[in-house]
Amino acid sequence: MNNILMFNINATVILSEAEKVYILHGVQDDLRADGRGCEDYRCIEVETDVVSNTTGSARVKIGHTYVLVGVKAEMGVPKLDRPKEGYLEFFVDCSANATPEFEGRGGEELGTEIANMMYKIFDNKSSIDLASLCIQPREHCWVLYVDVLLLECGGNLFDTISIAVKAALFNTRIPKVRLLEDEEGCKDIELSDDPFDCVRLSVVDVPCIVTLSRIGHRHVVDAMLQEEACSLASLLVSVTSKGVLTCMRKIGKGSLDPESIFEMIETGKRVAKSLHTSLQSVLNQEESLGKKRQKIGFLR
């Protein structure tokens, strides 16, 4: 598990003291401003195969947070320390239309922080089978360029991005490759031009991020901007479908005591397992029925 790190993420919103007290009291009574409980997500809208010139793509919307992810597979050379594996490259673009705070350096810094978080999550052999991306050891491999575009920012940014990345990787179809060798021993690569002759990635172990925002003496998941404004500290936990914690980050200026961190981790694991189950069910149903848009209801 990686070390805890602090950084700022979402756009800010200004609330009056009365509004903050209203939100705080609602959280304490497990009844948030929009009627959800502390461990409930808003409706999650998932749409895959939305960009034609990509190997895989997905668009996810939670509340007013809107994220588009495109995956492109290109041939490259394996890294020296991992000669029998392919790898992923992340690029995050925070559109200035999402919020004025993303104009200039603000968007670049946030994009870098998000990309670094994604690298931490996928920089291991358990999240995704990188060996399956190897074509020829030390010579050729598939490099998956994952482009994340933040279109709207309305809270719970990391959760939305992680769901979109998993959905886009599920939608990714990599052309099959054949290694040909002539009489002189020279090797050549032949790509299949059949769109149905492809390789699919297994996303069973790809984790999702659950952000737990501390408000008063309780914590909530899928916080809105107004709730984030009432939270001085949040914990991001990256959890697989089996409930395995792979990464943890702290955000915000406030502090979290060890007991609170333990409670938040356990909540994150519990909520993440439900999130994975619902997301995988939607992706499977979408693929079998040929539908592009599905929704995940409140997770309770």
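Candidate membrane-span-like segments in the chain, meaning DSSP H helices with Cα atoms spread over at least 24 Å of their own axis and a Kyte-Doolittle mean of 0.5 or above, do not occur, with no membrane implied either way.
Taking all protein chains as they are arranged and a probe of 1.4 Å, the heavy atoms of Leu256 leave approximately 30 Å² accessible to solvent.
Hull volume per residue, based on the alpha-carbon atoms of region 110-269 and their convex hull, is 133 Å³. Placing R0 at 22 angstrom, the Cβ-Cβ distance between Ile135 and Phe196 gives a FRET efficiency of 0.65 after rounding to 0.05.
Based on protein heavy atoms only, the chain ends up with 49 Å² per residue of surface accessible to a 1.4 Å probe. With every protein chain in place and a 1.4 angstrom probe, the accessible-area ranking of Glu17, Glu139, Glu85, largest first, reads Glu17, Glu139, Glu85.
For Lys176, the lysines whose Cα falls under 24 Å of its own Cα, not counting residues fewer than eight places away in the same chain, are Lys72, Lys79, Lys84, Lys125, Lys166, Lys187. Once all protein chains are placed together, Glu266 keeps about 70 Å² accessible to a 1.4 angstrom probe. Distance between the 7 Å Cα→Cβ label points at Glu74 and Asn53: 1.3 nm.
From the P(r) of the chain, can you give the percent of Cα pairs sitting at distances over 28 Å? Percent of Cα pairs beyond 28 Å in the chain: 40. Of the solvent-accessible surface of the chain, computed with a 1.4 Å probe over protein heavy atoms with every protein chain present, carbon and sulfur atoms account for 50 percent. Placing pseudo-labels 7 Å out from each Cα toward the beta carbon at Lys242 and Ser126 gives an inter-label distance of 0.8 nm. Give the calculated FRET efficiency between Ser274 and Asp81 to the nearest 0.05, with a Förster radius of 41 Å applied to their Cβ-Cβ distance. For Ser274 and Asp81, the calculated efficiency is 0.65. Per-residue extension of 0.36 nm, minus the Cα-Cα distance of Leu31 and Phe262, leaves a gain of 80.9 nm for this segment.
Considering helices alone, the calculated mean residue ellipticity of the chain at 222 nm is -9000 deg cm²/dmol, with DSSP H runs of length four and up weighted by -39500 (n - 2.57) and normalised per residue. Given a 1.4 Å probe and the protein chains as shown, Ser255 ends up with an accessible area of around 110 Å². For the chain, DSSP calls about 85 percent of its internal beta bridges antiparallel. Model label points for Glu181 and Leu151, set 7 angstrom from Cα along the Cα-to-Cβ axis, are 4.9 nm apart. Across all directions, the shadow cast by the convex hull of region 40-86 built on its C-alpha atoms averages 5.4 square nanometres. The largest accessible area among Val21, Val51, Val77, Val237 belongs to the first residue in Val77, Val21, Val51, Val237, and the rest follow in falling order (1.4 Å probe, all chains).
The values are calculated or read from the model by the stated rules, or taken from the named source; none is laboratory data. Please read these numbers as outputs of a predicted model, since none were measured by experiment. Reconstructed Cβ throughout: ideal geometry from the backbone, glycine too, with neighbour counts over all protein chains shown. Calculation scope for accessible area: heavy atoms of the full protein, side chains included, ligands and nucleic acids excluded. Shrake-Rupley method; radii C 1.70, N 1.55, O 1.52, S 1.80 Å.
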